[in-house]
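In what follows, a single structure is set out as structure tokens and then discussed.
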Amino acid sequence: MEKEFYIGYLPEAPAAHKKWVKKFLGILIIAILLLAGLLTFGQGMISKGIFNFGKTSELEGYLRMYPVPHLKVYNDKGIYGENLYKTVILTGAFKFGAEEIVKEIFEKNNKDLNDTGFYCQLNGTLIYNDGKALFELTDGADAYLKTLDIPDNILNDTLSNQAMIDGFNPYRLETTLKGEIIDPKCYFGAMKPGSGKVHKSCAIRCISGGIPPVLKVSSESTNQYYILFGEDKKSVSSDILDYIAEPVEITGRFEALDDWFVLYIDPEKAIRKL
Amino acid sequence: MSVGYKFIDWNPQKKKYDAVMAGCILLYLLAFILLNTMMFPEITAETLIIRATGTLAILMLHVILIIGPLARFVPEAKILLYNRRHLGVSMFFISAIHGIFSIIQYHGGGNENPIVSLFTSNMDYFSFVEFPFMILGFFALVILFFMAATSHDFWLNKLSPKTWKRLHMMVYVAYTLLIFHVLLGTLQNEKSLLGFLLLLLGSITVCGMHIMAGIKNRKEEQLFFKKSGEFELVCRVDEIENNRAKLFTFKGKSIAIYKYDDKISAVDNYCKHQGGPLSEGKIIDGCITCPWHGWQYLPENGQSPPPFQEKIPTYEVRVTKGLVYVNPISKGEGAAIKAAQIN
């Protein structure tokens, strides 16, 4: 029997070819579904971080510039009746920090950047996960809505009035930590994934654009986050770009900033790749 | 065959091919998106697009590369070869969606031009583990762009089949770049070995099938084995099926020797279109017909029937006492040579 010969431009394929194609398609469809499943299940867990993209909200608190632009927000009462606060790190839109925006807001309100800040209401987009929050000032300096009177419960609390720009603090403890330098905006919700090799370039872009670098230190059960800042009270962003998204060891002195830690480092000596 | 060019020269089988291809693409995207939104409700739209198109593109590239060697083992698989260029162009567009979204997502909106950022943000060029994997994908996409842009007979004719074929062989460079793009990129973020094992399986399948097809080709090639003046003895007449050919090689030259209407003719083995193996073709309507896309040549002069103008080299043949002799020095492209009578 003569073998069939296939020519694509003829109206019909030979019978044996049609039969083979049907079998092949059956296998292909099963393979497509199987691979879609395997490639889905093969992915690691995706961050549960939230970025309220397109949905702005108002937030009030102490607007402060140091060590990074942030809003110190009243959160709750502690078990001894003391005020508890959250430090909400401020960022600009896209891959930019909030430093220039906050400077502009301070200037508009005739406030000194080196002062303790002032109580105001801002408009922006919330980013949050793992107990931490960031606030994107989506509309730039227009994010500033108004200056508010300090609520009584905060006015009477000495902690909220404490200056955060205190220079060298002898009570800061020196420590050496192992972790990964992340950009907090992406990590806590703007991007998935927001850390690791895939995200490395983006993190470099974000941190070089002014988003404060944060060291994520992971243990089996929890993560701790250290905002990296210079011992000389200057940003260390441009000095740590080569270390982003890689396992690193960093030595510095740390102190708490509400729900965060700040790690004061000398970038020339403090960091090494693992 | 190049008398005039249309953007796409549709025919019923191309339409069926494209409909099935589009159906398979949609099926994968729907399945992947549905499973991801069920398993990871927190996934963002842009991440889903990047992952769905990235995984689909690499799967399609594997299928594209497997079709060639598969057709060497399963003749019916030639049906998949016929319109493979549409598969390739579709794969490029899906890769481009992945690439554009990734560049915007990871490099856009910052203090640097996204393309400059692609090359300068991660400068660990001398580290294997930390290598900026995205540029591998970028260069693969550039290659796929040139392949997709020239994936038309107009360019085949403009560039010459040899140059066109060389350009399209770059798919293997693109494939290698993409394997490392995945290996040094997303797989480094995953704790599960599943993705790595699937990639390994895919690479072994592609490489293994190409090696096996190469071995099969070598086994099927028959060498000229006895000289008779300028002519070489190649085989017995009854070793060639009627209306079919046998392949012979001589000093790197491949010659298809056809038997038809009690005659024997010899032509170059490679089709002028995309280098398809004419020795696997058939005589239809008196013409040698290429098994890949059906291009045709007259066996006695190697010329495509009018109005087509393609020509392939022809060779002198003699038949003596049931034995076929061929002069392996070609008489030139389209040279008319009287076929050797069997009886």
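Pick from A:46, A:30, A:79, A:50: which is within 14 Å of chain B (Cβ to nearest Cβ) and over 29 Å from the mean Cα position of the chain (by Cα)? Among A:46, A:30, A:79, A:50, only A:30 is within 14 Å of chain B (Cβ to nearest Cβ) and over 29 Å from the mean Cα position of the chain (by Cα). Within the range B:125-156, being surrounded by fewer than 16 Cβ atoms within 10 Å (Cβ to Cβ) and of a type in the set (S, T, N, Q) holds for one residue alone: B:127. Considering only residues in the range B:164-202 that are under 14 Å from the mean Cα position of the chain (by Cα) and not aliphatic (A, V, I, L, M), the one that is surrounded by the fewest Cβ atoms within 10 Å (Cβ to Cβ) turns out to be B:166.
Among residues of the range A:1-27 being β-branched (Val, Ile, Thr) and farther than 16 Å from residue B:289 by Cα, the one that is nearest to the other protein chains (Cβ to nearest Cβ) is A:21. Scanning the range A:150-177 for residues that are surrounded by 10 or more Cβ atoms within 10 Å (Cβ to Cβ), in a helix (DSSP H, G or I) and either in contact with a strand residue (DSSP E or B) (Cβ under 8 Å, 6 or more places away or on another chain) or modelled with pLDDT of 55 or more (or both) yields A:153, A:154, A:155, A:159, A:160. Residues in the range A:124-137 that are closer than 14 Å to residue A:102 by Cβ and either touching a Leu at 6+ places or on another chain (Cβ under 7 Å) or surrounded by fewer than 24 Cβ atoms within 10 Å (Cβ to Cβ) (or both): 3 in all. Could you please let me know if residue B:153 is farther than 27 Å from residue A:33 by Cα and more than 12 Å from chain A (Cβ to nearest Cβ)? Yes; evaluated as a whole, the condition is true for this residue.
Candidates are the residues of the range A:97-110 that are assigned to a helix (DSSP H, G or I) and either among the small types (Gly, Ala, Ser) or crowded, with 23+ Cβ neighbours inside 10 Å (or both); the one that is farthest from the other protein chains (Cβ to nearest Cβ) is A:105. Filtered by the rule that a residue be at the interface with another protein chain (Cβ under 7 Å from one of its Cβ atoms) and farther than 16 Å from residue A:37 by Cα, the range B:21-42 gives a lone residue, B:42. Right, residue A:236: β-branched (Val, Ile, Thr) and either surrounded by 21 or more Cβ atoms within 10 Å (Cβ to Cβ) or farther than 21 Å from residue A:196 by Cβ (or both) or not? Against the criterion (β-branched (Val, Ile, Thr) and either surrounded by 21 or more Cβ atoms within 10 Å (Cβ to Cβ) or farther than 21 Å from residue A:196 by Cβ (or both)), residue A:236 qualifies.
Right, residue B:205: under 23 Å from residue A:32 (Cα atoms) and within 14 Å of chain A (Cβ to nearest Cβ) or not?
Values: under 23 Å from residue A:32 (Cα atoms): yes; within 14 Å of chain A (Cβ to nearest Cβ): yes.
Yes.
Would a scan of the range A:122-136 turn up a residue that is closer than 26 Å to residue A:50 by Cβ and part of a loop (DSSP other than H, G, I, E, B)? Within the range A:122-136 (the criterion being closer than 26 Å to residue A:50 by Cβ and part of a loop (DSSP other than H, G, I, E, B)), the answer is yes, since at least one residue qualifies. Restricting the range B:257-300 to residues that are touching a Pro at 6+ places or on another chain (Cβ under 8 Å) and of a type in the set (S, T, N, Q) leaves a set whose member that is nearest to the other protein chains (Cβ to nearest Cβ) is B:296.
Would you check if residue B:281 is surrounded by 20 or more Cβ atoms within 10 Å (Cβ to Cβ), touching a residue at least 12 places away in the same chain (Cβ under 8 Å) and farther than 19 Å from residue A:5 by Cβ? The answer is no for residue B:281. Condition first: more than 17 Å from the chain's Cα centre (by Cα), touching a residue at least 40 places away in the same chain (Cβ under 8 Å) and under 16 Å from residue A:183 (Cα atoms). Now tell me which residues in the range A:227-249 satisfy that. Residues satisfying the conditions are A:247, A:248.
Residue A:113 passes every criterion in (1) within 9 Å of another protein chain (Cβ to nearest Cβ); (2) out of contact with any Pro (no Cβ under 9 Å at 6 or more places or on another chain) apart from (1).
Condition check ((1) out of contact with any Leu (no Cβ under 6 Å at 6 or more places or on another chain); (2) not in a helix (DSSP H, G or I)) across all residues:
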| site | (1), (2) |
| --- | --- |
| A:193 | yes, yes |
| A:199 | yes, no |
| A:206 | yes, no |
| A:251 | yes, yes |
| A:254 | no, yes |
| A:261 | yes, yes |
| A:269 | yes, no |
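Table: residues versus (1) buried (at least 16 other Cβ atoms within 10 Å of the Cβ); (2) more than 24 Å from residue B:43 (Cα to Cα).
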{"position": "A:30", "(1), (2)": "no, yes"}
{"position": "A:61", "(1), (2)": "yes, yes"}
{"position": "A:67", "(1), (2)": "yes, yes"}
{"position": "A:95", "(1), (2)": "yes, no"}
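Can you tell me which residues in the range A:81-123 are more than 24 Å from residue A:189 (Cβ to Cβ) and not charged (D, E, K, R)? I'd like the intermediate steps shown before the answer.
We begin by selecting, within the range A:81-123, every residue more than 24 Å from residue A:189 (Cβ to Cβ); these are A:81-83, A:103-104, A:106-119.
The answer is A:81, A:83, A:106, A:109, A:110, A:113, A:114, A:116, A:117, A:118, A:119.
The values are calculated or read from the model by the stated rules, or taken from the named source; none is laboratory data. This structure is a prediction, so every number in the text was calculated from the model and none was measured. Virtual Cβ from ideal backbone geometry, glycine too; neighbours counted across all protein chains shown.
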